[in-house]
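The block underneath contains the structure these notes are about, expressed in structure tokens.
Any read-out appearing in this document is the output of simple, stated calculations on the displayed coordinates, not a laboratory observation. These numbers were taken from a predicted model, which means no experiment stands behind them. Please note: Cβ atoms are built from the backbone with ideal geometry, for glycine as well, and neighbour counts cover all protein chains shown.
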Amino acid sequence: MTRIVHVAAAVLIDSAGFVLVQQRPEGKSLAGLWEFPGGKLEPGEAPETALVRELHEELGIAITPAQLRPLTFVSHAYREFHLVMTVWLCRAWRGEPLGFIDQPVQWCTLEELTALPMPPADRPVLAVLARMLAPSD
């Protein structure tokens, strides 16, 4: 039976429209790839609560569940497990995002994001962002 891993990820977009990604650390699976920040849900933990915790631990920023908006979800089969990832939009937070756990961060345009090496589960989020950030006619 395939193990299912539930994670929550945030698409942090600043006032200029740049999106934050962080690099997976050495020693972890998919090391060196760029991903949206977030992490695994603890047993019984809601995705929003997990993101509040993870973004504080990983980036040193403070958010509240009310600052998160559902964006999309991804279901992706990796060889070792099946990932179910809820993805949330966040445009406001307190503090400056810093990579605390040996995870560099960078702010990117959508075009720059598409050129980065990313985990397969993060790639579908780019299409959602492209639709969301496209100039309206």
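Sort T49, T2 so that the residue with the fewest other Cβ atoms within 10 Å of its own Cβ comes first and the one with the most comes last. Kindly include the intermediate steps, with their values, before the conclusion.
Numbers: T49 14, T2 10.
Ascending number of Cβ neighbours within 10 Å: T2, T49.
To check you understand DSSP bridge types, tell me what percent of the beta bridges within the chain (both residues inside) are antiparallel, rounded to 5. Provide the component values of the computation, followed by the final result.
Values: 20 of 29 bridges.
Around 70 percent of the beta bridges assigned by DSSP in the chain are antiparallel ones.
Taking the square root of 5 times each eigenvalue of the Cα gyration tensor, what semi-axes in Å does the equivalent ellipsoid of the stretch 27-101 have, largest first?
Details: eigenvalues 89, 52, 26 Å².
They are 21, 16, 11 Å, listed largest first.
Just want the ordering: E111, E35, from fewest to most Cβ atoms lying within 10 Å of their own Cβ.
Values: E111 8, E35 20.
Lowest count first: E111, E35.
How long, wide and thick is the chain, going by the Cα atoms along their three principal axes, in whole angstroms, largest first?
48, 28, 28 Å, listed from the longest principal axis down.
Rg and Dmax of the stretch 69-137, using alpha carbons, in Å: what are they?
Computed over the Cα atoms of the stretch 69-137, radius of gyration and Dmax are 14.0, 44 Å.
For the chain, what does -39500 (n - 2.57) per DSSP helix run (n ≥ 4), summed and divided by total residues, give at 222 nm, in deg cm²/dmol to the nearest 500?
Values: 3 runs with 30 residues, N = 137.
Roughly -6500 deg cm²/dmol at 222 nm, from the helical runs in the chain.
Using label points projected 7 Å from each Cα along Cα→Cβ, tell me how many nm separate E42 and M132, to one decimal.
If labels sit at E42 and M132, their model points lie 2.6 nm apart.
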